[in-house]
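Each value in this text was obtained by applying a stated rule to the coordinates, not by laboratory testing. The shown structure was predicted, so the numbers you read here are calculated from the model rather than taken from an experiment. Cβ coordinates were reconstructed from backbone atoms using ideal geometry, including for glycine residues, and neighbour counts include every protein chain displayed.
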């Protein structure tokens, strides 16, 4: 087993990396404060932990499982920049050649950390030919970063022809140089799997190389399967053709025209001036309200106007706002209620899940086109990462997306990235399994969540507490605006409680006079805000 005679901040950081822990998680594991761990790792990692901390680190390494110790050994044996006072006892010379790649988890880790291995070693060859596709995809992504190394360049070529489409798609998505794609372009554009085709065309769009774009367009236009595509690759194909010939395709590809204009508005993309002018002119004459609204938006909109910017939603913190959820099934009735609610002064209108299930995303479009001045919140449930749901809602006209069903912070990132791309704030429903650590993680800048909502039991407080109680506790641990849903009535004593956004539904939608009830809620919110101020 590897032995460290004297720990430094650098070697402690290597152990934390091998254990795949955050600073906070590593600190909890050792029984020290996160500030202590951060102190070790700052200043180049030359700081030497105190004797009791040395013992803690020794114990952590000793009790670590075999995979962690092996990862630590490889990282330590190849580390050349750590403080020379750390004197590790190398595990075995050429340890990389003797590593076990039959364990899939270990093999995936080695593949993703290819820079730790000698590219000419037998281990690399075994990883390239590993029976598990995840290993081959991992080494393909890592090899792309070192195209100047002949064995790795050969590995990329081999993996771009891999039998498994998941490997081919992963390697294409990781490519960083036009020259690495050109020899394979025709074959990849006509791949048997749409996932690979999608990755290829998205890479061509990303690079925006004139020669590559022209070649790809010619190939696509010659293939009727591309032009009749209904898979996720369709978006990339339309982007490519629209950017190459905007005047020809701007009216035909309306959704993609909207996406490009919105991305230009949010700064995610910078369109060529001529292309932007053509797309904006086409949008102005479009019969679609969302395109006309986007054409009129030369810069990011004002607070809670399209496109609704995340920071505008965050400004709702410490204010009192009413959000009416249209949890009904009839779209005509929903539009009538929304009209009454807007007349009562409510600016946040939610297209609830029952309405979405009954009328699809067209319900979002209908409400937004009928009431362009209000902020339309789309309530969607995501099973996986949520990015697709956010995009569908944004394209339909949603100003804000209320997302439920996603718990893993790494999955939340994809949804929030899509939200930033289209200038749409993403609000998360706090799940029943939530902890304070989960709240801190999703609130971090790297995640990008813009608000939280308490609409079900949450793990932050005892089961059975009222939604307002849970919202008040949650607000103590976050600076994000907190929305709360719970079957409220305008007769409830709500103006004395601590909340930012109150979501009401049946009290308004089931009322004989929705406008009067909505006005009562708005008046109560104004009273509560003045009392808070």
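A compact table of results
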| quantity | calculated |
| --- | --- |
| C-alpha long axis of helix 254-266 to longest principal axis of the chain, angle in ° | 80 |
| Helix 409-421 vs. the chain, principal-axis angle (Cα, 0 to 90°, nearest 10) | 60 |
| Full-extension gain in nm, residue 35 to residue 511, via 0.36 nm per residue minus C-alpha separation | 165.9 nm |
| Computed helical MRE - 222 nm, the chain, DSSP H runs ≥ 4 contributing -39500 (n - 2.57), nearest 500 | -15500 deg cm²/dmol |
| Relative packing of 312-321, 100-109, 3-12, 500-509, which averages over residues the other C-beta atoms within 10 Å, highest first | 500-509, 3-12, 312-321, 100-109 |
| Using distinct alpha-carbon pairs, which all enter the 1/r mean, Kirkwood radius of region 308-369 in Å | 12.4 |
| Efficiency of FRET between residue 489 and residue 315 - r from beta-carbon atoms, R0 41 angstrom, step 0.05 | 0.90 |
| The chain - percent relative contact order, Cα under 8 Å, separation 6 or more | 8 |
| Estimated FRET transfer efficiency (residue 50, residue 531; beta-carbon r; R0 60 Å; 0.05) | 0.70 |
| Between 0 and 90°, nearest 10: helix 165-174 axis offset from the chain longest Cα axis | 90 |
| Difference of contour (0.36 nm per residue) and Cα-Cα distance, residue 63 to residue 22 | 12.9 nm |
| Whole-Å semi-axes of the chain's equivalent ellipsoid (Cα gyration tensor) | 46, 36, 18 |
| Length released on extending from residue 408 to residue 329, taking residue separation times 0.36 nm less the Cα-Cα span | 25.4 nm |
| Part-to-part distance (alpha-carbon centres) for region 359-383 and region 402-418, which is given in Å | 19 |
| Cα centroid separation, region 188-224 to region 117-164 (Å) | 23 |
| Using alpha carbons only: equivalent-ellipsoid semi-axes of region 254-295, gyration tensor based, whole Å | 16, 11, 7 |
| Hull shadow area, averaged, region 310-532 [alpha-carbon convex hull, nm²] | 10.8 |
| Per-pair calculated FRET efficiency, R0 = 45 Å: residue 358 and residue 157 via Cβ, rounded to 0.05 | 0.30 |
| Among 212-225, 514-527, the order from most to least packed when residues are scored by Cβ within 10 Å on average | 514-527, 212-225 |
